[in-house]
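Q: Would you mind keeping the following structure in view while I ask a few things?
The values are calculated or read from the model by the stated rules, or taken from the named source; none is laboratory data. Since we're looking at a predicted model, the values are computed, not measured. Neighbour counts are summed over all protein chains in view; Cβ atoms, including those assigned to glycine, are modelled from backbone coordinates with ideal geometry.
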Amino acid sequence: MFLKRFEDAKPYQAANHRECIGLRLQGWEKGSSQSHWIGLSHFLPGGGAGPDSTPFEKIYVILDGELTLIIDGKETVLKKYDSVTIAPNEVREIVNRSNHMCSILVSIPYPPGHKPE
């Protein structure tokens with residue numbers, strides 16, 4: 001078992017994100033998951049990420065607020081407890097178009113060859 005208290009979560013800066021604060025809840029530490037890491041991201045109004053893609057899938061779970069997901073020009077509004085899997089190499093953009101903060105849980109696999117600290 002690897003327990004990490006919320007108080008011990010470290011902030012991280014995600015590439016190509018704006019008006020976003022991220023906390024690493026699990027992962028990148030000795031004893032933690034060997035397959036993926038979990039982050040908690042808070043997007044301020046107007047905040048977002050992309051457009052961009054990654055060579056691995058990502059899973060988002062909306063914990064509070066709402067977030068607009070844009071893929072291939074199609075917009076989908078994700079609301080509390082909605083979840084979505086973004087496929088490898090799928091170009092996505094996310095935007096918080098509301099006046100409320102949006103909080104999401106993010107699950108991302110490690111890159112190939114990853115070794116925890």
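Q: Residue under question is residue 3, and the condition is that it be in a strand (DSSP E or B) and aliphatic (A, V, I, L, M); does it hold?
A: Details: in a strand (DSSP E or B): no; aliphatic (A, V, I, L, M): yes.
For residue 3, the condition - in a strand (DSSP E or B) and aliphatic (A, V, I, L, M) - is not met.
Q: So is residue 24 in contact with a Gly (Cβ under 7 Å, 6 or more places away or on another chain) and either loosely packed, with under 13 Cβ neighbours inside 10 Å or within 21 Å of residue 4 (Cβ to Cβ) (or both) or not?
A: Working: in contact with a Gly (Cβ under 7 Å, 6 or more places away or on another chain): yes; either loosely packed, with under 13 Cβ neighbours inside 10 Å or within 21 Å of residue 4 (Cβ to Cβ) (or both): yes.
Yes.
Q: If you don't mind, another one. For residues that are closer than 21 Å to residue 24 by Cα and among the small types (Gly, Ala, Ser), scanning just the range 98-117, find the one that is surrounded by the fewest Cβ atoms within 10 Å (Cβ to Cβ).
A: Here the answer is 113.
Q: Moving to a separate point now. Could you grab me the full set of residues in the range 83-97 that are surrounded by fewer than 16 Cβ atoms within 10 Å (Cβ to Cβ) and either over 19 Å from residue 16 (Cα atoms) or polar (S, T, N, Q) (or both)? Full working, then the answer.
A: So in the range 83-97, the residues surrounded by fewer than 16 Cβ atoms within 10 Å (Cβ to Cβ) come out as 83, 85, 87-91, 93, 97.
The answer is 83, 85, 89.
Q: Checking the condition in contact with a Pro (Cβ under 6 Å, 6 or more places away or on another chain) and over 25 Å from residue 112 (Cβ atoms), which residue from 75, 57, 93 passes? Spell out the reasoning first.
A: Details: 75 fails: in contact with a Pro (Cβ under 6 Å, 6 or more places away or on another chain); 57 fails: over 25 Å from residue 112 (Cβ atoms).
Of 75, 57, 93, the one residue that is in contact with a Pro (Cβ under 6 Å, 6 or more places away or on another chain) and over 25 Å from residue 112 (Cβ atoms) is 93.
Q: Taking the condition out of contact with any Cys (no Cβ under 8 Å at 6 or more places or on another chain), surrounded by 13 or more Cβ atoms within 10 Å (Cβ to Cβ) and of a type in the set (A, V, I, L, M, F, W, C), does residue 69 pass?
A: Taking the combined requirement at face value, the residue satisfies it.
Residues checked against (1) touching a helix residue (DSSP H, G or I) at 6+ places or on another chain (Cβ under 6 Å); (2) more than 22 Å from residue 11 (Cα to Cα); (3) at pLDDT below 95:
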residue	(1), (2), (3)
48	no, no, no
54	no, no, yes
58	no, no, no
61	no, no, no
67	no, no, no
90	no, yes, no
97	no, yes, no
104	no, no, no
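Q: Can I ask one more? For the range 21-36, enumerate the residues that are assigned to a strand (DSSP E or B) and farther than 27 Å from residue 98 by Cβ. Please lay out each step first, then the result.
A: Of the residues in the range 21-36, the ones assigned to a strand (DSSP E or B) are 21-26, 36.
Passing the criteria: 26, 36.
Q: Answer yes or no: is there a residue in the range 33-54 that is among the hydroxyl-bearing types (Ser, Thr, Tyr), within 10 Å of the chain's Cα centre (by Cα) and surrounded by 15 or more Cβ atoms within 10 Å (Cβ to Cβ).
A: Yes, there is a match, as at least one residue in the range 33-54 is among the hydroxyl-bearing types (Ser, Thr, Tyr), within 10 Å of the chain's Cα centre (by Cα) and surrounded by 15 or more Cβ atoms within 10 Å (Cβ to Cβ).
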